[in-house]
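The values are calculated or read from the model by the stated rules, or taken from the named source; none is laboratory data. Just so we're clear, the structure is a prediction, and the values are computed from it rather than from any experiment. Heads up, the Cβs are rebuilt from the backbone with ideal geometry, glycines too, and the neighbour counts pull from every protein chain shown. We work out accessible area using only protein heavy atoms, side chains counted, and drop any ligands, DNA or RNA first. Shrake-Rupley method; radii C 1.70, N 1.55, O 1.52, S 1.80 Å.
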Amino acid sequence: MKSNEWLHGFRHSSPYINAHRGRTVVLTIPGDAIEHGNFINIIHDIALLSSLGVRLVVAFGARPQIQTRLDSAGAQSRFDRGLRITPEQHLPMVMEAIGGLRAYLESQLSMGLVNSPMHNARIRVSSGNFVTARPVGVLDGIDFGYTGRVRRIDASGIEKLLELGHIVILPPMGYSPTGDAFNLSYEDVGSQVAAAVQAEKLIVFIDDQGLLEEDGTLIRELSVRQASERLAAGTVTGHDADLLQAACDACVKGVRRAHIISYEEDGALLGELFTLDGSGTLVSGDNYEKIRQARVEDLGGILELIQPLEEQGILVRRSREMLETEIDRFVVAERDGTIVGCAALYPYPEENAGELSCFAVDPSYRRAGRGDELLAMIEKLARGQGIQNLFVLTTQTEHWFRERGFLPSSVQSLPGPKLASYNSQRNSKVFCKPL
């Protein structure tokens, strides 16, 4: 019997496809990934993302390719602070290796063979002098020569190409107003360009599944604060530390999320973008806006948020005393110290069920995904409590919940205590979502 697993997965990927269409994603790919056997699959996945309307920037590295070129010339290469020292006599060979790799990437993205995933893709690829660089200079007496750091990104130039549907390729090279070229770290380029174009996501490719604990288990999620603590403690070292720092820098500068995923695992990129659990390590910003557990001092903000909805009959009225008693049930969305959203979870352990209640988002932020983030937090908390079914009672927002996987249910399906307190005069509709 023919399996329809692909059909189920394809249908359930549509919310993620819609969420990423028109958004900018920056891919940071090391030179080692380009030499790996799975790279052709990454190329196919890039083509698929482009066809789905994702705006793509690819920042690539070239360390092994540069090393091979220098070795072929008998040139000795040195590293310090994780950076290759680039004396003037090495610069032409560095530029040759990077230029050849860029041409290779362009050729791979230009494929269109019949019976291949690239057939009829017709991808337009652009590159250019979008990165202005400065020299690293002399550190502790060591002259880094033509090794540089990103000084400025031509974000408007990149944006114009993205609007035309081009994939923008950025090599690990930058240029100065004096006409000099500098060898850059690809993770610095990827992080800086993601921040400059305010990308939705920064994808960082690594050889492992993601960042790993000492026992080898995958670290699923880190806030910038948690990541910075690990870096300060030295629990993440070597090139992994450079990549994690690049992810943190991007998030601090406004990129919503950075994902560290494997270039060796087939489909890791699609799995990270189009499935609920993802495939690698998520790094998220936490200094600008966050979803968190509510505190007593949030009562004023919650009341101000829900009062208009209570007056419209959308939410059941709650007194300040009730909210204070049940504040541990709430999560809030906070932006610059202001409560812009809230939701509550009421568990019914005997039925393995939970109620999503008092769900509200400030009208100014309803189109910015705050509701989805609150719902995701509630679902995460529910799963942590062993809740298998999440239900909601609503009078005016049924379509929003149906679009997010909630299915119509009957009043009689409610847990006993909730059924006993059901207000028939409100005639709320019941929707349930299996977790």
If E159 passes every condition in (1) touching a strand residue (DSSP E or B) at 6+ places or on another chain (Cβ under 7 Å); (2) under 19 Å from F60 (Cα atoms); (3) open to solvent by 10 Å² or more (accessible area, probe 1.4 Å) but one, which one does it miss?
(1)
Could you please find all residues in region 398-412 being exposed (fewer than 14 other Cβ atoms within 10 Å of the Cβ) and within 17 Å of Y348 (Cβ to Cβ)?
S410, Q412
When every residue in region 315-333 that is closer than 16 Å to Q293 by Cα, surrounded by fewer than 18 Cβ atoms within 10 Å (Cβ to Cβ) and in contact (Cβ under 8 Å) with a residue 12 or more places away in the chain is compared, the one farthest from the chain's Cα centre (by Cα) is E324
(1) farther than 17 Å from A133 by Cα; (2) among the polar types (S, T, N, Q); (3) surrounded by 24 or more Cβ atoms within 10 Å (Cβ to Cβ): which one isn't true of Q192, the others all being true?
(1)
Which condition breaks for Q312 when tested against (1) surrounded by fewer than 20 Cβ atoms within 10 Å (Cβ to Cβ); (2) touching a Gly at 6+ places or on another chain (Cβ under 8 Å)?
(2)
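Please work out which residue is nearest to K290 (Cα to Cα), limiting yourself to region 220-237 and to residues that are in contact (Cβ under 8 Å) with a residue 24 or more places away in the chain and surrounded by fewer than 18 Cβ atoms within 10 Å (Cβ to Cβ).
Start the filter on region 220-237 by keeping residues that are in contact (Cβ under 8 Å) with a residue 24 or more places away in the chain, which leaves 220-225, 227, 236.
Those left that are additionally surrounded by fewer than 18 Cβ atoms within 10 Å (Cβ to Cβ): 220-221, 223, 225.
Values: R220: 18, E221: 14, S223: 10, R225: 12 Å.
So the residue we want is S223.
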Restricting the first residue to region 291-313 and requiring it to be without any contact (Cβ under 8 Å) to a residue 12 or more places away in the chain, which pairs with a second residue that is open to solvent by 80 Å² or more (accessible area, probe 1.4 Å) meet a Cβ separation below 6 Å and a spacing of at least six or different chains?
E310/R317
Name the residues in region 355-375 that are open to solvent by 50 Å² or more (accessible area, probe 1.4 Å) and either modelled with pLDDT of 90 or more or among the charged types (D, E, K, R) (or both), would you?
R366, R367, D372
Can you give me the number of residues within region 94-113 that are over 15 Å from G61 (Cα atoms) and outside any loop (DSSP other than H, G, I, E, B)?
2
The condition from (1) within 28 Å of the chain's Cα centre (by Cα); (2) without any contact (Cβ under 8 Å) to a residue 40 or more places away in the chain; (3) not in a strand (DSSP E or B) that R383 misses is numbered (2)
Looking at L184, L202, L170 in this structure, which one is of a type in the set (A, V, I, L, M, F, W, C), farther than 24 Å from L270 by Cα, in contact (Cβ under 8 Å) with a residue 12 or more places away in the chain and buried (at least 24 other Cβ atoms within 10 Å of the Cβ)?
L184
Does any residue of region 290-305 turn out to be polar (S, T, N, Q), surrounded by 14 or more Cβ atoms within 10 Å (Cβ to Cβ) and either at pLDDT below 90 or out of contact with any Cys (no Cβ under 8 Å at 6 or more places or on another chain) (or both)?
no
Under the condition of being surrounded by fewer than 13 Cβ atoms within 10 Å (Cβ to Cβ), modelled with pLDDT of 90 or more and of a type in the set (A, V, I, L, M, F, W, C), which residue from region 103-138 is nearest to I46 (Cα to Cα)?
A103
Could you list, in sequence order, all residues of region 125-164 that are in a helix (DSSP H, G or I) and either under 23 Å from Y104 (Cβ atoms) or basic (K, R) (or both)?
I158, K160, L161, L162
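Evaluate the following for T235: is it over 28 Å from I158 (Cα atoms) and in contact with a helix residue (DSSP H, G or I) (Cβ under 9 Å, 6 or more places away or on another chain)? I'd like the intermediate steps shown before the answer.
On the way: over 28 Å from I158 (Cα atoms): yes; in contact with a helix residue (DSSP H, G or I) (Cβ under 9 Å, 6 or more places away or on another chain): yes.
Considered against the rule, which asks whether it is over 28 Å from I158 (Cα atoms) and in contact with a helix residue (DSSP H, G or I) (Cβ under 9 Å, 6 or more places away or on another chain), T235 comes out as yes.
When you check P92 against the structure, is it loosely packed, with under 13 Cβ neighbours inside 10 Å and either of a type in the set (D, E, K, R) or out of contact with any Leu (no Cβ under 7 Å at 6 or more places or on another chain) (or both), yes or no?
On the way: loosely packed, with under 13 Cβ neighbours inside 10 Å: yes; either of a type in the set (D, E, K, R) or out of contact with any Leu (no Cβ under 7 Å at 6 or more places or on another chain) (or both): yes.
Against the criterion (loosely packed, with under 13 Cβ neighbours inside 10 Å and either of a type in the set (D, E, K, R) or out of contact with any Leu (no Cβ under 7 Å at 6 or more places or on another chain) (or both)), P92 qualifies.
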